[in-house]
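What follows is one structure encoded as C-alpha cells, with my remarks underneath.
Values quoted throughout were computed directly from the atomic coordinates according to the rules given, and no laboratory measurement underlies them. Please read all numbers here as calculations on a predicted model, not as lab measurements. Cβ placement follows ideal geometry from the backbone for every residue including glycine, while neighbour counts extend to all protein chains displayed.
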C-alpha cells in the first residue's frame, strides 16, 4: 500500500473509531475455548471443520474465522460479497442468533482487513483478507494467486475490495502471525498442508488431490505458527479427500452440519442459482463432505504401548486414514479400531489390576478413555470431567496407585488430575500448578523417592524448572524452582532409577545433545542435582525412557527426522535401525524390552525391535491400522467442567 493511501486509511480508522475490537472477550467469557480458524474459501470451514466449530459455539466458546481469499473465482466483487453473506448466515444459524453483524476494519501487520462480529453473540467473528482468486490458467492443473504467491519466489497476490493490498509470501505469513498474536487462541484450526502433489498436478476428484488454495493456506498458517508459537492446540483437517473415506459422523452431526452449510449455500449462486426455494444442497461431493470429518495425523506422531494382561503388549496408534484410536495385541497380526475422532496422538496406561487403557483428546479439548475388559472387548468411550486442555496429558500414577494426569489447560496453566478412588469412573479432582512464564509445552513427570510427583518444564529462554506435590497424592504443588547451570530447548524425559534417584534427560540448547541430570541423593527433588552429563549425540522430539530387564535405565531417541533410533543403556550406545519417522516408545514386559516407532513408509507401518534375555531379535514390520472405524466419541453434547476444580486430597 502506498504511504499516501495508507495515511488516508489510517485517518478513516481513527476518525470512525474502528481498528480495535468491538468486544474483546476474556478466556473466561469464552468458557476456556478460543478457536482461531484459517481457511481458503467461504464454505471450507463448514464442509471440512464442522462439527468441531459448531461444538465450540454451542459450548459458549469464541470462534474467529479468517478467510484468506475473496473466493470470487474471477467473477467479481458481487460473488465475493454473496459468499460472505452466506457464511455470516451460516454462523448466525449455528449461534442461534439473528443474522445481524457489526462490520468494521481491523489492522494486522499494518494492513486493513474487513471484520464482522455477530451482534447478538460477539464471541463469533470473522476476518476477510480477500485475495483475488481466479484460476491463472484453464482451471485444474494451473495455479491461483494464493498458491502462486506461496510457491513461486517473488510472486504476489492482490486483494479485492476497498483496501487493495499486495502480498508476497513473507507478507502473508507476517499477517497471519499477527492475527494469531492478537487473538491469543487456545486452538488454531487450518487445512491440510501434508499433500505433496505439486499444485500443477492436482486434479478434480483424483485420489489424494485437494484444491491448491487449501494446501497453500495451510502451509502459510503452519509457517506463521513458527513465527508466533504458543501453548495452543493445532488441528489440521483433511479436505477434498474425505470423500474417499467412510462416513464417520453421527446422523445428528450430519443434520446440523447440513443445515449450517445450507444457510451458506442459499447465498452462493453456484450452489443455489434460483435461491432457497429450489435448492437441494448439499448434493454431489458436498453431500459426501458433510458426512465426514477427518484430521491430518502427523507421520511423526509416536505410538503408545501398554502391557497386555494376557501377556505381551498392546500397541496403540491414531490411524492416519481413520482418525481413530487403534490397538494391536502382540499375539495378534491385526489391528482393532477403538473408534473416536482424534486429532492428535493417544497415551496408554495400565491400572493397578493390570487392565490396559487408552486416553485421547478430542478436537475441542475434551478427554476420553477406554479400558479393556478382556480379550478384544473394549467398552465405549467415557468422558473424563476436567478442564479444557490443549494437548494429550502425561499419564502416571500416584503413590497410592491411583492414575494421575498432568495436562496443559487452555488457560495456560498445567493441571493435575486424579480420580477420588482407583475407579476411573469416579469423580476426578483437578488443581492448577503455579503459573510459569513462557514455558514449553513438553514436560516430564516422575515420582521422587518419597512418592511425590515431580514435574520438570523448560521455558523459551532455556531455563529448566521443577515443581513437586506438597505430599504424595496431594493437589497442592510447590512454587517453581530453577535447576541451575542448565540451558535446554526441551525434549524432556524423567524417571526414578533403581537407586531411587530421579534421572532427568533434556536437550542442550546450544548443541542439541542429550543431557543426563541426576539427583545427588534420594528424596525431595528440590535438593541438590549433579552436573549435567553430555551423552554426546543429538535427537529430535523427546526420549523414550524406562527400566530395562535388570532394572537399569534405558533411553531411546530418534537422531533426526527420517533418521535412526539410538538406544543407550548400561552396556553402551547402539543403533537399532533407520528409516524412522516418529520418536520411539519403549516398554519392558515379561523381561523383554520392546521398542516401537513409525516407519518412513507412505503406509502407516511400524518398526518393532525386541530384546529377549539380552539378545536382540530380528526387527519386525507391523502392518498399518485399518482405514475405517472412526466415529464420534458419543452421540450427545459434550460439557467441559470448569478449568480449575478443587484440589485433590492426599
In nm, spacing of pseudo-spin labels at residue 605 and residue 120 (7 Å Cα→C-beta vector): 5.7
Label point at residue 287 placed 7 Å out along Cα→Cβ; residues across region 184-218 whose backbone nitrogen lies under 18 Å: 205
Alpha carbon convex hull of region 437-528, projected area averaged over orientations, nm²: 5.6
For region 3-289, convex hull of alpha carbons as volume per residue, Å³: 133
Helix 212-227 vs. the chain, principal-axis angle (Cα, 0 to 90°, nearest 10): 50
Most to least packed among 564-570, 216-222 [average Cβ atoms within 10 Å]: 216-222, 564-570
Cα centroid separation, region 323-348 to region 129-207 (Å): 35
Region 3-289 - share of DSSP beta bridges that are antiparallel (%, nearest 5): 45
Relative contact order for region 461-586, counting Cα pairs under 8 Å that sit 6 or more residues apart, in percent: 16
Average Cα contact separation per residue, the chain, under 8 Å, 6 or more apart, as relative contact order %: 10
Taking region 556-632 and dividing mean pair separation by its residue count, relative contact order in percent (alpha carbons under 8 Å, at least six apart): 19
For the chain, share of DSSP beta bridges that run antiparallel, in % to the nearest 5: 85
Residues of region 263-278 with amide N under 12 Å of the 7 Å Cα→Cβ point at residue 255: none
0 to 90° range, to nearest 10: angle between helix 77-95 axis and the chain longest Cα axis: 50
Isotropic mean projected area of the C-alpha convex hull, region 294-342 (nm²): 3.5
